Amino acid sequence: MAAVEELFELTPDSGASMRRTLAEQVTAELHRAVLRGEYPPGSWLRVQDIARQFQTSTMPVREALRRLETLGLVEISPHRGARVAELSIDDLEDTFRTRQILEIELIRRAAASFTAEDADNARSALERHERFLSAGSLEEARRTHSEFHFLIYRAASSRWLLRSVEPPWQNSERYRFASPTDAGARSRAHAEHTGILAACVANDPVAAVKALQDHLGGSLERIRAAMTARQQG
């Protein structure tokens, strides 16, 4: 998957090279921190504090916050500042409905044109994902999980669909991080991933769509159940 900073390039201007690099660095670090819950939902992101943390001016920080706003991870209010977007079951369901619309079209196209090279790349990412999960390396597991899906979707050869799915994907990652899974859920997810890949290798768009629908539906149910349990407990 293209990194956040690769998808949302700054508009070039005079002398922007170093500032663009700093903005990319701040964006990537804030992105990871939000996903890990280091900045809880609803918490304010103070520009001056973050600038001091990264030993930079406020401009790269403001650019980073605008980038995260385009992903739906941050909300910016005039005269009030930026804060991490709240999590809710309504937002969770809306996020997954949007993902279904976009990812179903992506996987339908990808499965129809999937190559042996696409299969090798996706299989390698899935194997690394499972290794990181087994080792408890959750940050790397998250990264390789995204890599697996987007290596498949890239076979659809649709730049705009890939760009469009990035915000709901990143928002759903916040929910995944906030809802730890047990061994049974991880086993089901692995079976779902394997089914998605197998359908693509077989160049079977119908089976690929069904496998993805099952995967997204299963993920939604697991996360929703974990959120409901937390709210009740």
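Given the C-alpha centroids of region 82-104 and region 31-72, what is the distance between them in whole angstrom?
Here the two parts' Cα centres lie 20 Å apart.
Less than 19 Å from a label point 7 Å out along the Cα-to-Cβ axis of residue 204: which backbone N atoms in region 97-116 qualify, by residue?
Under cut-off, by backbone N: 104-116.
Using per-residue counts of other Cβ atoms within 10 Å, averaged over each peptide, order 44-52, 124-132 from highest down.
Per-residue mean Cβ counts within 10 Å order the peptides as 124-132, 44-52.
For a label point 7 angstrom out from the Cα of residue 97 toward its Cβ, which stretches of region 71-90 have the backbone nitrogen within less than 11 Å?
Residues 90 fall inside that zone.
In nm, to one decimal, how far is the residue 113 label point from the residue 230 one, both placed 7 Å along Cα→Cβ?
Computed distance between label sites residue 113 and residue 230 equals 3.9 nm.
Does anything in region 188-220 have its amide N under 19 Å from the 7 Å Cα→Cβ label point of residue 123, and if so which residues?
190-205, 208
Which of the trypsin sites (Lys or Arg not before Pro) found in region 53-86 are loop residues per DSSP with 11 or fewer other Cβ atoms within 10 Å of their Cβ?
80
Between residue 45 and residues 5 or more places away or on another chain, which pairs have amide H atoms under 5 Å apart, with H built 1.01 Å from N, and which residues are they?
Those qualifying (amide H under 5 Å, at least 5 residues apart or on another chain) are 82, 83, 84.
Given the C-alpha atoms of the chain, compute the convex hull and give its volume per residue in Å³.
137 Å³
Once both labels are modelled 7 Å past Cα along the beta-carbon direction, what's the residue 214-residue 135 spacing in nm?
Taking the two extended label points, one gets 3.0 nm.
Between residue 69 and residue 29, what is the spin-label point distance in nm, taking each point 7 Å from the Cα along the Cα→C-beta axis?
2.2 nm
Read-outs throughout are calculated quantities, based only on the coordinates presented, and are distinct from any laboratory measurement. Note that the structure is a prediction, hence the values are computed from the model and not measured. Methodologically, a virtual Cβ is constructed for each residue, glycine included, from the backbone with ideal geometry; neighbour enumeration extends over all protein chains shown.
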